[in-house]
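K.L.:
Dumping the structure here so I can ask a few things about it.
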Amino acid sequence: MPDSLAARKVTPWFNRQSVRYIANGLLATGVHFLVLTFNLKVLGWSSAGLSNLVAALFGITSSFMGSRYFVFQGSREPLLKQIYRFFLMRKLNK
């Protein structure tokens, strides 16, 4: 089955780590926003702070998983070491 023209044009972009990094950040932001909206609108939580805290945990988790398995695909570090580094870098960037 031949590849579509769109797939041939998009695939080389995702071979670049910087593009995967940006895509991962956008996806994590989307997860955060969707969980926040779900908590406030569907579940009817009255506390925006609590809703945001839970949404942030989902966003951060999706960011970490995306970084580990999508952005930095060649990494062979143990999971716990990567978790430590991930949160250390987040703390240093604030």
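The numbers here are math on the coordinates, done by the rules we state, and not lab data. Computed from a prediction, not measured in an experiment: that's the story for all the values here. Backbone-built Cβ (ideal geometry, glycine too); neighbour counts: all protein chains shown.
K.L.:
I need to check one value: relative contact order of the range 14-71, counting alpha carbon pairs closer than 8 Å and at least 6 residues apart, in percent.
P.N.:
Value for the range 14-71: 48 percent.
K.L.:
In what sequence, highest mean first, do 59-72, 16-29 appear when ranked by Cβ atoms within 10 angstrom?
P.N.:
Numbers: 59-72: 16.7, 16-29: 14.4.
Sorting 59-72, 16-29 by mean packing, highest first, produces 59-72, 16-29.
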